[in-house]
Amino acid sequence: MDRNEMFGEFFKRKRKELGFTLRGFCQKYGLDPGNLSRIERGLAPPPQGRKLLLQYAGFIGLKPETDEWYEFYDLAYAASGRIPKEIMDNNELTKKLPIVFRTLRGQKVPDEKLDDLIKLIKES
């Protein structure tokens, strides 16, 4: 499954949980059904930009800074191959990104760096 599909499936699941058909949802929120269908099937990227993401998140009932909102937001950024701005704006977090990347690749992370990362996560 590619990154666009992961976002699209999440969005579609949330829309359906609200009881909307694709057309009904698009009518209510003034969206193009063809575009939304492509997003949900992973054929088009998620909406770009925080303002538009907030709007789409509101459409599917996600409140900012909840776990589901962060999942939605992170999936959108991952689909576009970007790291969320609030992470990039935090110098302490950006210093830890190489550790995260190494871990995701399955490479050994030195114990002291892992301890630093765990400490940072606990403080967040």
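The values are calculated or read from the model by the stated rules, or taken from the named source; none is laboratory data. Quick caveat: nothing in here was measured; it's all calculated off a predicted structure. A quick note on method: Cβ atoms are made from the backbone with ideal geometry, for glycine too, and the neighbour counts reach across all protein chains shown.
Values computed for the structure shown
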{"item": "Residues satisfying the stated conditions in segment 29-45, i.e. touching a residue at least 12 places away in the same chain (Cβ under 8 Å) and in a helix (DSSP H, G or I)", "result": "29, 36, 37, 39, 40"}
{"item": "Pick from segment 102-115, criterion surrounded by 11 or more Cβ atoms within 10 Å (Cβ to Cβ) and modelled with pLDDT of 75 or more, ranking: farthest from residue 86 (Cα to Cα)", "result": "115"}
{"item": "Scope segment 13-28; condition farther than 14 Å from residue 73 by Cα and part of a helix (DSSP H, G or I); matching residues", "result": "13, 15, 16, 17, 22, 23, 24, 25, 26, 27, 28"}
{"item": "Residue list for segment 1-26, restricted to those being over 13 Å from the mean Cα position of the chain (by Cα) and at pLDDT below 95", "result": "1, 2"}
{"item": "Close pairs (7 angstrom Cβ cut-off, 6 or more residues apart or separate chains): closer than 11 Å to residue 93 by Cα in segment 112-124, modelled with pLDDT of 70 or more and surrounded by 10 or more Cβ atoms within 10 Å (Cβ to Cβ) anywhere", "result": "117/96; 117/99; 120/92; 120/96"}
{"item": "Only one of 56, 77 that is touching a residue at least 40 places away in the same chain (Cβ under 8 Å), out of contact with any Asp or Glu (no Cβ under 9 Å at 6 or more places or on another chain) and buried (at least 17 other Cβ atoms within 10 Å of the Cβ)", "result": "56"}
{"item": "Test: residue in segment 1-9 that is basic (Lys, Arg) and touching a residue at least 60 places away in the same chain (Cβ under 8 Å)", "result": "yes"}
